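To start, the structure itself, in structure tokens.
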Amino acid sequence: MFKGKISGKKLIVLTVILVIAVGAFYLWRDLNLSAMNKIPIPDLVVENIEIERMINGKKWKLISPRVEHKDGIVYGDSMDVTITDPAGRVTHIYADKGTFTRENNDVSLTSADGVMKENAKEYNLKSGNVKYEAAAEKWNFDDGVALSDGRMLIEGKKGYYDTKSGECRLTDGGTITWSDR
């Protein structure tokens, strides 16, 4: 390939050009790292957390083994939510995942199972997705919902429960099964 020797001057010039090219490549790569990998980084990650907050006069307690806080929203895994109102009604909801929006206190839960105890009565809930609108004090259920009190089972695709009026409705139809026991 080369015939003869490369002079010392040419070798130094080639080495300097190679070092400049490698340095320019690394500088270009470092300047473009953010464009290559846009990985969202949470503002805060906390493990084994317990949060208590008053929402519409009710005490809410949220327990999760891991939460991320990003842009005013708390994202949680394996969430355990307990709501206690002044009248003594206690609601426990367990969900695979959930979010809590700090700005408006709205809550979304995925794969939720719940129990509401009021006086001597107990009501059970199971739903694929549950959303609580704090301003309206309304629970929305979709991706399947089942509500029962031991004697009656109400099932449907979608529904809601308005805590102010006490109205509970299945919006896409449903079935009711009851027993005389």
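The values are calculated or read from the model by the stated rules, or taken from the named source; none is laboratory data. Here the structure is a predicted model, which is why all the values come from computation and not from measurement. All Cβ positions, even for glycine, are placed from backbone atoms using ideal geometry, and neighbour counts span all protein chains on display.
Within region 42-68, residues that are touching a residue at least 24 places away in the same chain (Cβ under 8 Å) and farther than 13 Å from residue 84 by Cβ reach no partner that is of a type in the set (Lys, Arg) and loosely packed, with under 13 Cβ neighbours inside 10 Å with beta carbons closer than 7 Å at six or more positions or on different chains. Only a single item in (1) among the aliphatic types (A, V, I, L, M); (2) farther than 15 Å from residue 60 by Cα; (3) more than 23 Å from the chain's Cα centre (by Cα); (4) surrounded by fewer than 16 Cβ atoms within 10 Å (Cβ to Cβ) is not met by residue 87, and it is number (2). Only one of the numbered conditions (1) over 17 Å from residue 52 (Cα atoms); (2) within 13 Å of the chain's Cα centre (by Cα) is violated by residue 117, and that is (2). The residue that is modelled with the lowest pLDDT, among those in region 53-78 that are small (Gly, Ala, Ser) and surrounded by fewer than 14 Cβ atoms within 10 Å (Cβ to Cβ), is 72.
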